[in-house]
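Undergrad: Structure incoming, see below.
Values quoted throughout were computed directly from the atomic coordinates according to the rules given, and no laboratory measurement underlies them. What you see is a predicted model, and the numbers here were worked out from it, not measured in a lab. Cβ placement follows ideal geometry from the backbone for every residue including glycine, while neighbour counts extend to all protein chains displayed.
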C-alpha cells in the first residue's frame, strides 16, 4: 500500500488514538430526541448519528449504540420529538448526555422547559427554535455482513408536525446560516457550528 495513505480493515482495528470513522463522516447534525415511556416518564438525549432521509413524507432517523431509554420509549409509544440543538443550547444539550437512571428527568437536569406537543405525547424543548414531532415508521436492529446483529438500533420516524421560531424565517425561507446549528465532529469532544461564512450557493444543472 502507498506510504501516503493510512489504510486499514476496520475489523482489524484502525491503529490510531481515536477512530477516524465518525470524524470523516461529519460534522453531523444532532438528533436531540425527547421521548416518553408508556407511563409518561420523559427522557431527553442527544444522538450524533442522525439525519433526514426523505422529503414526502418527511422522514428522519437516528441510531442508538446500545439499547437505551430512548429506544425502549419509542418501542413502547411509537412517538418522539426531534429538537434543534443550537450554540446557545450546547451546554444544556451536553448535560442531557449524562448516564442517569430512567427516572431522572433530563429536562430538569439541564434546566430546560418541556412544552406540550400538538400531535404526539412527548414534549418538545421549549428553548429550541425548531422541533419536529414524529411518529415511528421503523425500528431496525443493525447487523454486519456476517448476518450477526449488533447492539445498535436505527429509528426512522415520519415528521407529523413542525415548530419553527418565526425569527428563523427570512422572506419565508429558513435561515440555516444564522440559526447557530451545532454539529458533532470527530474526536472525544469536537463540535462545529454553521454560519454565514460557510454559505455558498450553487444551482443544479437544468
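Undergrad: Given a cut-off of under 8 Å on Cα pairs at least six residues apart, what relative contact order in percent is computed for segment 8-96?
TA: Details: 114 pairs, mean separation 26.3, N = 89.
Taking the mean separation of contacting Cα pairs over the length of segment 8-96, I get 29 percent.
Undergrad: Set the Förster distance to 45 Å, then compute FRET efficiency between residue 178 and residue 143 from the Cβ-Cβ distance, nearest 0.05.
TA: Numbers: r = 41 Å, r/R0 = 0.91.
Computed FRET efficiency for residue 178 and residue 143: 0.65.
Undergrad: Simple spin-label model, 7 Å along Cα-to-Cβ: residue 76 to residue 21 in nm?
TA: Those two pseudo-labels are separated by 3.0 nm.
Undergrad: Continuing with this model, one more query. Distance between the C-alpha centers of segment 67-94 and segment 142-206? Whole Å please.
TA: Taking the Cα centre of each part, segment 67-94 and segment 142-206 sit 14 Å apart.
Undergrad: Still on this model: Per residue of the chain, what 222 nm ellipticity follows from adding -39500 (n - 2.57) for every DSSP H run with n ≥ 4, rounded to the nearest 500? Don't skip to the end; give the middle numbers.
TA: Details: 4 runs with 23 residues, N = 206.
Calculated from helices alone, the mean residue ellipticity at 222 nm is -2500 deg cm²/dmol.
Undergrad: Right, next: How do 79, 91 line up, fewest other C-beta atoms within 10 Å first?
TA: Values: 79 21, 91 10.
By the 10 Å Cβ count, ascending, the order reads 91, 79.
Undergrad: Pairs of Cα atoms under 8 Å, at least six residues apart: use those to get the relative contact order of the chain, whole percent. Write down the numbers at each step before the final one.
TA: Working: 415 pairs, mean separation 46.6, N = 206.
Across the chain, relative contact order equals 23 percent.
Undergrad: At R0 = 22 Å, how high is the FRET efficiency between residue 67 and residue 95 if r is their beta carbon distance? Nearest 0.05 is fine. Walk me through the intermediate numbers first.
TA: On the way: r = 22 Å, r/R0 = 1.01.
The formula returns an efficiency of 0.50 here.
Undergrad: Need one number: nm distance between label points at residue 189 and residue 202, each 7 Å from Cα along Cα→Cβ, rounded to one decimal.
TA: 3.4
Undergrad: In vacuum, with every alpha carbon of segment 95-206 counted as one equal point scatterer, what does the Debye formula give for log10 I(q)/I(0) at q = 0.10, 0.16, 0.22 Å⁻¹? Two decimals, please.
TA: Ignoring solvent entirely, the Cα scatterers give -0.49, -1.19, -1.35.
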